[in-house]
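Notes for the one structure printed next.
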Amino acid sequence: MKNPTYDLLLVGSGLYNAIIANEATKDGLKCLVIDKRTHPGGNVYTEKINDINVHTYGPHIFHTKDKEVWEYMSGLCTMNHFILTPLAYHKGKLYNLPFNLHTFYQLWGITSPEAVIKKIQEQNQPPVDEDNFENKAISLVGKDVYNILIKGYTEKQWGRPARELSSDIIKRLPLRFVFNNNYFDDPYQGIPVNGYTKIIEDCFKQCDILLNTDFTENRNLQENASLTVYTGMIDEYYDYTYGTLEYRSLRFETEIPDCSNYQGAAVVNYTEKEVPYTRIIEHKHFEFGNQPTTVITKEYPLDWQKGLEPYYPVQTSRNEALYTKYSALAAAESQVVFGGRLGLYKYLNMDQIVRHALDTYQEIRKKLKKRLIEKTNQNSRFNRSRISNTAGQVAALRIVNACIWKNFFRSVWGYSLQAFGLSS
Ligand code: UDP
């Protein structure tokens, strides 16, 4: 490839590529970001409605055990002290989540941890040993909790019997024999004070961005970059060669109810199968808001099909086997790196995305080593010549440099527009 315009083509402008861009631009690499949506940010995008940060694509609470990741995020934003303590609603009753002594007390009126453990063991007779979601869940919490708080929610969330799902999904939720409603076990938790969109914009501020741009219709953009970081669906990248992976989609219904506090909690799950949505989010509670109005969003899960947004990879043995075939193709690529939930076909949380992006960037640095050395040499030549000038000469040099760069960017931009067929 002869002198490509960009070092990196970042396909998708979600959190994964925002971190890659943040690191790459610190190294002076040139990035072009494309996204098919009308805004950057992927699914962490937040928008203001009535002065409330609305999590447009579902609730995003940052939580991690990884101190380095937490410190990295804290360098990009100020995190508030939000701790998720959601509730589950079932046939007119509310239960605390995750499954802990509050939940068991509400269900059985039992207060002693030992008695709760005994009750769960009684409900798991005879123990079932085939490894699937249903068996795992019953073995952990017993049949009552499973039937009231898990089965209905899980089957509408994933659109299939719980027996067909991987037991890994239930392992996401803590189970505690203490009174503690903290949904996550992680020591570091919070939500960015000014919303996620601000972080994303800051990370991409030195990149060129093309929105409304679908990669599948613009694959030629890859010719303009040394390396592509692709965060779209991996099966789509390979034109579904081995078949289609399954995804779960969502429909969000956002409302402004006629009150200032709708449900008194950020998240309430609806665990009955008959209620078509899985949860109601009340966004102001993520930031302890006391605005005069409120905004709520109902989340309706649905099967993914072309034209819908894929939110979740579906962890079944069929999909895992199919992904293994696609990942073998990905591993053989020298100029493309796959990332994010869709590129890796993994149900990753935000902290895992950040960790993965930081680690992958080190791999990218190795691949672009020659380019990074050139950059360092250019910078040191530039710095030497500046040092040898008087203050007046430095000012003049700055103006000349600014003009050169301005023209350079202008011509690169013009060329890019032509190359992308956006200008004649
Ligand atoms: N889950 C459930 N009942 C609940 C909450 C969660 O059965 O009230 C199960 C369900 O299968 C879900 C999984 O636990 O898909 C993981 O839940 P999590 O809250 O991590 O889902 P996310 O917020 O990622 O959609």
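Here are some notes:
- Helices (runs of 4 or more DSSP H) lying entirely in region 288-376 (those with 3 or more residues that are within 17 Å of LEU10 (Cα to Cα) and within 16 Å of the ligand (Cβ to nearest atom)): 340-343
- Screening region 67-113 for residues that are in a loop (DSSP other than H, G, I, E, B) and free of Cβ contacts under 8 Å to residues at least 12 places away in the same chain and picking the one that is nearest to the chain's Cα centre (by Cα) gives GLY92.
- Test: LYS151 is more than 25 Å from LYS65 (Cα to Cα), within 11 Å of the ligand (Cβ to nearest atom), out of contact with any strand residue (DSSP E or B) (no Cβ under 9 Å at 6 or more places or on another chain) and open to solvent by 40 Å² or more (accessible area, probe 1.4 Å): yes
- Any hit, region 230-242, residues being open to solvent by less than 60 Å² (accessible area, probe 1.4 Å) and within 16 Å of the ligand (Cβ to nearest atom): no
- The set of residues in region 167-183 being open to solvent by 20 Å² or more (accessible area, probe 1.4 Å) and within 11 Å of the ligand (Cβ to nearest atom) consists of ASP168, LYS171, ARG172, LEU173, TYR183.
Quick grid of which residues meet (1) surrounded by 18 or more Cβ atoms within 10 Å (Cβ to Cβ); (2) part of a strand (DSSP E or B); (3) more than 16 Å from the ligand (Cβ to nearest atom); (4) in contact (Cβ under 8 Å) with a residue 60 or more places away in the chain:
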residue: PRO40; (1), (2), (3), (4): yes, no, yes, yes
residue: ASN43; (1), (2), (3), (4): yes, no, no, yes
residue: VAL54; (1), (2), (3), (4): yes, yes, yes, yes
residue: TYR57; (1), (2), (3), (4): yes, no, no, yes
residue: HIS63; (1), (2), (3), (4): yes, yes, no, yes
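The values are calculated or read from the model by the stated rules, or taken from the named source; none is laboratory data. On a predicted model such as this, the values are computed, not experimentally measured, just so you know. Cβ coordinates were reconstructed from backbone atoms using ideal geometry, including for glycine residues, and neighbour counts include every protein chain displayed. Accessible surface is based on the protein model in full, side chains and every heavy atom, while ligands, DNA and RNA are left aside. Shrake-Rupley method; radii C 1.70, N 1.55, O 1.52, S 1.80 Å.
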